[in-house]
Amino acid sequence: MDEFINHNAMHEDTWRVFRIMAEFVDGFETLSQAGNAVSIFGSARPLTREHEHYRQAEEIAFQLAGAGYGIITGGGPGIMEAANRGAKRAGGKSIGLNIEIPMEQKPNKYVTTLLQFRYFFCRKVMFVKYASAFVILPGGFGTLDEFFEAVTLIQTGRSSPFPVVLVGKKYWQGMIRWLNTTVVRTGCVRPEDMKIFQIVDKPEQAVAVIREFHAAADRDGAAAARSAEDIL
């Protein structure tokens, strides 16, 4: 009986590897056409268009798309919908990386290029590999996860630096205070690591940080895009 169970488990794991490979292949083939893109993150909680965070996300995406950047989101509701809406309104690339979860996240109607993922880690690679910047609006655990993922990749040298922009000083101030007074003070993070990311309040400020970074990179002859080796 144990041998039968082990054989079935091995068989299932083997097919899981192929499913993982398929997600990477689909992602690489589709997103390699995205050009210069920005990943935008934030709460998946349904928001009306009158909500401040929704308006900010839509405006940031609209301005970035107007400047020639593709917009990548998680493809769902809330901030993701707002960002895809802004990108589509500007006539830019509006990309959604939707995840299959028990609560069933449905893709929002403003996504023009959709990829479906079963595995979070495959999806996370796509967010980083094909984005030249991260914009992070107020959100929950998933948003925090993406923020710390980006900061960790830059801090450890696994990725060359790229803009990581937190939007909403009031929302993020408690976390920043804790990082400075506890994490930095105990030596777990170096003071200079706190410069990996920036905090802004207005959409135009977020867009300016990204455009100025890439303008400087172009002047220095540095490539904005990062290689697969950086993050895989």
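The values are calculated or read from the model by the stated rules, or taken from the named source; none is laboratory data. Predicted, not measured: the structure shown is a model, and the values here were computed from it. We place every Cβ from the backbone using ideal geometry, glycine too, and count neighbours over all the protein chains shown.
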Study note, to complete from the structure: So, first residue on the phi > 0 side of the Ramachandran plot in region 56-68, second residue not charged (D, E, K, R), Cβ within less than 9 Å, six or more apart or across chains; the pairs are GLY68/GLY35; GLY68/ASN36; GLY68/GLY92
Check your understanding: Does ILE99 satisfy the criteria of being on the phi < 0 side of the Ramachandran plot and at pLDDT 95 or above?
Key -> no
Exercise for review: Can you work out which of the residues in region 96-110 that are more than 11 Å from PRO77 (Cα to Cα) and in contact (Cβ under 8 Å) with a residue 12 or more places away in the chain is surrounded by the most Cβ atoms within 10 Å (Cβ to Cβ)?
Suggested key: LEU97
Exercise for review: State whether the residues of region 85-95 include one that is surrounded by fewer than 19 Cβ atoms within 10 Å (Cβ to Cβ) and either at positive phi or free of Cβ contacts under 8 Å to residues at least 24 places away in the same chain (or both).
Suggested key: yes
Review point. Taking the condition farther than 27 Å from TYR69 by Cα, surrounded by 14 or more Cβ atoms within 10 Å (Cβ to Cβ), in contact with a Pro (Cβ under 6 Å, 6 or more places away or on another chain) and at pLDDT 95 or above, does VAL184 pass?
Key: yes
Check your understanding: Quick one: is THR113 surrounded by fewer than 21 Cβ atoms within 10 Å (Cβ to Cβ) and under 14 Å from GLY75 (Cβ atoms)?
Key -> yes
Practice item. Report whether or not PHE28 is closer than 15 Å to ALA131 by Cα, loosely packed, with under 15 Cβ neighbours inside 10 Å and of a type in the set (A, V, I, L, M, F, W, C). Key: yes
Check your understanding: Checking ARG118 against (1) touching a strand residue (DSSP E or B) at 6+ places or on another chain (Cβ under 6 Å); (2) surrounded by fewer than 17 Cβ atoms within 10 Å (Cβ to Cβ); (3) basic (Lys, Arg), which test does it fail?
Key -> (1)
Practice item. List every residue pair whose Cβ atoms lie under 8 Å apart, where the two residues are 6 or more positions apart in sequence or sit on different chains, the first residue falls within region 204-232 and is under 16 Å from PRO161 (Cβ atoms), and the second residue, located anywhere, is of a type in the set (A, V, I, L, M) and modelled with pLDDT under 55. Key: HIS214/ALA224; ALA217/ALA223; ALA217/ALA224; ASP218/ALA224
Practice item. Give the residue, chosen from SER94, SER132, that is farther than 30 Å from LEU179 by Cα, within 14 Å of the chain's Cα centre (by Cα) and not β-branched (Val, Ile, Thr). Key: SER94
